[in-house]
Amino acid sequence: MTFALETPALNREIQFGPHRYRYLVRPPAEENWAELTRVLAELGADRFALVTDDGVPAGIREGVLGCLASAAPGEPILVGVAADEKAKSLDAVDHVMAEVVGHGATRQTVYVALGGGCVGNIAGLAAHLTYRGLRLVHIPTTLLHLSDAVVSLKQAVNSGVGKNHIGAFHAPVLVWGDLGFLESLPVDEIRCAMCEGAKNVLAICGDRYRWALEHLRPAGDYPVEELLAWIELCVVAKSAVMGDDPEEKYLGIVLEYGHTVGHALELRGIFRHGYAIAAGMLAEGRAAMEMGWLSPADMQAHRELIAAAAGRQLTIPDNLATDEILSVLDHDNKLGYLPRRRGFVDMVQLTGLGRPVITNGRALAQVPVETVAYAIDAELRPRGTA
Ligand SMILES: NC(=O)c1ccc[n+]([C@@H]2O[C@H](COP(=O)([O-])OP(=O)(O)OC[C@H]3O[C@@H](n4cnc5c(N)ncnc54)[C@H](O)[C@@H]3O)[C@@H](O)[C@H]2O)c1
Ligand SMILES: [Zn+2]
């Protein structure tokens, strides 16, 4: 496969099992508004329900509202939500549905999620539940959402106990990405998204490793063509494992690489999601090396790619005990796929770049908890304290 782009835009159709949807990404340009209006009008909606948050620049929100008003006969319904993990709850979904139904939505009304992954998940679950399923359009305004979350059917919100516990699968009908919408993002958001991109290279398309190392920018300053090439790589990699596994229960579990240790670090408030899974990949890669699965050379390849994607050190503070990290793993959402083995952690493990260990048809392996502890200390403690 090649990632050289003939035109600086993406026009793809994503297919996950029986679900298909258009995935369009455009470089920044004034004429994007007219095209967005056209593709929205093709949906034949009676009106649109726009779900968004205050962090999305007002100019983007007003521009999209203008398109929605022109693309359907009814006035758009506008619902604001907060984009943070505490607010990503069933209460938020309930609030959105009450507004949308209360303003007279019908079965021909189409939800539009404008924002990052939080807004996308809240609107996605609301679309799934309203009248047992309304159509959904994603207009991502963060790179993580555009290159990762919308290339998935999962829509989930947090419970009082943990992250993404309450959810459903709901495919959008359209994803519209305008790279101009990403210009206001803090550099940390770009690098965090690139950590997921690095994950796709390490866990799925190892043959892209050289290209990836040459096209990662630790400063997070990606020109438009490179962003597009990265987004395309993520879509191609995710499609390769989700085409026959739309619910990510078999080979698709490989997308959870770095997420077992990573979620524990994120939950402890050490890193944002992208950095947390980057650190998680270092620990999980090292665990695979200790298990005799991954070669030292492939482990070194992990370190170099992850350093280039994250552009920062990924060490954990001394006052965070390794046991404290491990205790969180008892609540990992991958538990239950394999028969439970006490004293083992179920996680994605690689035998080489792009080559996961498969157990009972799933991209999961069981690793002794002491090996995981050793790997965390060896890779994530500043040198000398491991
Ligand atoms: N399969 C999936 O469904 C999936 C996959 C990955 C992540 N997620 C979820 O996505 C969420 C994280 O998403 P995210 O990283 O997009 O973050 P986010 O939605 O939390 O947004 C981060 C912040 O960026 C702001 N923002 C959005 N667009 C902006 C812009 N253009 N300029 C400046 N600021 C902007 C938002 O207001 C918010 O404050 C998590 O809840 C995660 O669980 C879901
Ligand atoms: Zn992730």
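Computed from the coordinates by the stated procedures, all read-outs in this text should not be read as laboratory data. Computed from a predicted model, the values in this text were never measured in an experiment. Here Cβ is always computed from backbone atoms with ideal geometry, including for glycine, and neighbour counts include all displayed protein chains.
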Evaluate E = 1/(1 + (r/R0)^6) for Asn360 and Ile166, where r is the Cβ-Cβ distance and R0 equals 22 Å; express this FRET efficiency to the nearest 0.05. 0.25
Contour minus end-to-end for Ala29 and Lys249, with contour as 0.36 nm per residue of separation and end-to-end as the Cα-Cα distance? 75.3 nm
By count of other Cβ within 10 Å, fewest leading, how are Thr130, Thr106 ordered? Thr106, Thr130
Measure of size requested: the Rg and Dmax of segment 152-196, with Cα atoms as the atom set and Å as the unit; please supply both. 14.2, 37
q = 0.19 Å⁻¹, segment 105-195: log10 I(q)/I(0) [Debye, one scatterer per Cα]: -0.85
Over the residues of segment 304-378, compute the C-alpha Rg and express it relative to 2.2 N^0.38 Å. 1.25
Could you list which residues have their amide H under 5 Å from that of Ile166, counting only those 5 or more apart in sequence or on another chain, with H placed in the peptide plane? Val157, Ser159
Where does the Debye-calculated log10 I(q)/I(0) of segment 38-96 sit at q = 0.14, 0.22, 0.23 Å⁻¹, using only Cα point scatterers of equal weight, no solvent? -0.45, -0.89, -0.93
Relative to the Cα centre, what is the charge dipole magnitude of segment 282-338, using +1 at the beta carbon of each Lys and Arg, -1 at the beta carbon of each Asp and Glu, and rounding to the nearest 20 debye? 240
Once the Cβ-Cβ distance between Arg107 and Asn333 is put in as r, and R0 is 41 Å, what FRET efficiency do you end up with, to the nearest 0.05? 0.80
Considering the chain as a Gaussian network with a 10 Å cut-off on Cα pairs, which listed residue, Val79, Val96, Val137, attains the greatest mean-square fluctuation? Val79
Just rank His95, His302, fewest to most, by other beta-carbon atoms within 10 angstrom. His95, His302
So the number of lysine pairs in the chain with alpha-carbon atoms under 19 angstrom apart, 8 or more residues apart or on different chains, is 17
Cα gyration tensor category, rounded, prolate or oblate, for segment 188-270 with a/c compared to 1.5: oblate
Taking N as the number of residues in the chain, what is its alpha-carbon radius of gyration divided by 2.2 N^0.38 Å? 0.98
GNM flexibility winner over the chain from Gly44, Gly74, Gly102 (Cα, springs under 10 Å): Gly102
Principal axis dimensions, segment 1-129 - Cα atoms, whole angstrom, descending: 45, 33, 32
For the chain, set up a Gaussian network in which alpha carbons nearer than 10 Å are linked by springs, and say which option among Gly258, Gly63, Gly206 fluctuates the most. Gly63
Spread of Cα-to-Cα distances over 10 Å intervals beginning at zero, given as percent, for segment 258-386: 13, 49, 34, 4
What ranking do His215, His259, His138 get, fewest neighbouring Cβ atoms within 10 angstrom at the top? His215, His259, His138
I need the calculated FRET efficiency for the pair Glu62 and Ala378, taking r as the beta carbon distance and R₀ as 51 Å, to the nearest 0.05. 0.50
